Amino acid sequence: MEIKVFDSAVEVSQYVAQMILEEVKRRSDSVLGLATGRTMDAIYHQLVWTAQKNKVSFKDVRSFAVDEYVGLKAESENSYQHYLNFHLYQQLDFNRKNTHIMKTSMNRIDDTCFQYEELIKKVGGIDLQLLGIGMNGHVGLNEPGSSLDSRTRVVALSSTTLKSNKTLFYEESIPNTAVTMGIGTILESKKCLLIATGETKSKIIQRLVNGDVCSQLPASALKTHKNCELILDRDAAKLI
Ligand code: GLP
C-alpha cells in the first residue's frame with residue numbers, strides 16, 4: 001500500500017478527483033466503486049467541478065455503490081442512493097441505467113447480494129474503487145471481525161458506526177443493518193484508493209499503518225492489494 005500525504009483535505013480531493021477523471025478519460029466506460037460518507041463529500045464536489053470545467057462525460061461510466069442501509073424507505077434522504085444521486089449522478093451526465101446500488105428493500109436480500117456480485121463480474125470487475133475508513137477501521141460497512149474474503153452480504157452495524165453515522169440521519173432513525181460489498185469483493189478491484197482526512201481519523205490510521213493485516217481492522221486487508229493507495233491529509237497522518 002503506497003501512502004500519500006497532502007497538506008490539506010482540499011489537496012486530497014483535488015488529487016482524487018484527478019485520478020477519477022484520468023480513469024474516465026482512459027476508458028469512457030470505466031467501472032467505478034463508490035463510497036459515501038463525509039470524506040467523500042469534498043471529493044465528489046471537486047470531481048463535479050473539475051469534470052464540468054474540463055467537459056468530461058460520464059455517460060458511459062458504470063458505477064457500483066459500496067454499501068447501503070437496509071430498511072429505509074425508497075425515497076429516504078438518508079439512503080446512500082440519495083447521497084450518490086445528490087452529490088454525483090444528478091450533477092454529471094451519468095446514465096442512471098449504468099449506476100448500481102443494492103436494492104435493500106427487496107424481500108430476497110440474499111439474492112440481491114448474489115446478483116450484485118454477478119453484475120460486477122459481468123462488467124469485468126471494478127476498475128477504480130474509492131473507499132473511506134470508519135473510526136473502527138471498517139471499509140464499506142465491513143465491521144471489525146469481517147472475514148477478509150467476505151462477499152456482498154447483510155451485516156450488523158457496530159455501536160461505533162451507529163454512533164458516528166446517526167448524526168447524519170434526520171427524520172428517521174438509523175437502521176442497525178446494511179448491505180456491503182465484502183472485503184473479498186473490494187480486493188478484486190483493479191485499483192483501490194483508501195482516503196482519510198481530519199484528525200479524528202489519525203488513531204485508526206496509526207493502527208492501520210503500524211499494525212498487521214487482521215480481521216479486527218478490516219481496512220488492513222488493503223495492505224495485501226497490489227495497487228492500493230492510502231491518501232491522507234496532514235491531520236489524518238499526524239500519528240504516523
Ligand atoms: C461510512 C460509510 C463508508 C465510509 C466510512 C467513512 O459508514 N458507509 O462507506 O467510507 O463509513 O465515513 P466518513 O467519511 O463519514 O467518516
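Here are the numbers for this structure:
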| read-out | value |
| --- | --- |
| With eigenvalues of the C-alpha gyration tensor scaled by 5 and rooted, segment 132-240, Å | 22, 19, 12 |
| Fraction of antiparallel bridges per DSSP, the chain only, in percent to nearest 5 | 30 |
| Listed residue pairs exceeding 23 Å between alpha carbons, taken from LYS59/LYS190; LYS59/LYS122; LYS4/LYS201; LYS163/LYS190; LYS73/LYS166 | LYS163/LYS190 |
| Pair ARG234, ASP111: separation of 7 Å Cα→Cβ label points (nm) | 5.5 |
| Label-point separation in nm, SER147 to GLU77, each point 7 Å along Cα→Cβ | 4.0 |
| Label-point gap, in nm, between VAL5 and CYS214 - each point 7 angstrom along Cα→Cβ | 2.4 |
| Extended-chain gain in nm, criterion 0.36 nm per residue less alpha-carbon gap, THR50 and THR177 | 42.2 nm |
| Normalised per residue, the volume of the convex hull around the Cα set of the chain (Å³) | 112 |
| Dimensionless Rg/Rh of segment 1-144 - Kirkwood Rh, Rg from C-alpha atoms | 0.95 |
| Most mobile of LEU194, LEU128, LEU119 in a GNM of the chain (Cα contacts under 10 Å) | LEU119 |
| Among ASP93, ASP127, ASP67: highest mean-square fluctuation, GNM of the chain, C-alpha pairs under 10 Å | ASP93 |
| Lone cysteines, the chain (no partner Cβ under 4.7 Å) | CYS113, CYS214 |
| Length-normalised contact order for the chain - Cα pairs under 8 Å, 6+ apart - percent | 26 |
| Under 13 Å, Cβ to Cβ, from GLN18 - net charge with Lys/Arg +1 and Asp/Glu -1 | 0 |
| Gained length - LYS122 relative to GLN18, 0.36 nm times residue gap less alpha-carbon distance | 34.8 nm |
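Only the coordinates and a few stated rules stand behind these numbers; no lab work does. From a predicted model like this one, the values you see are computed outputs, not experimental measurements. Note: ideal-geometry Cβ built from the backbone for every residue, glycine included; neighbour counts use all protein chains shown.
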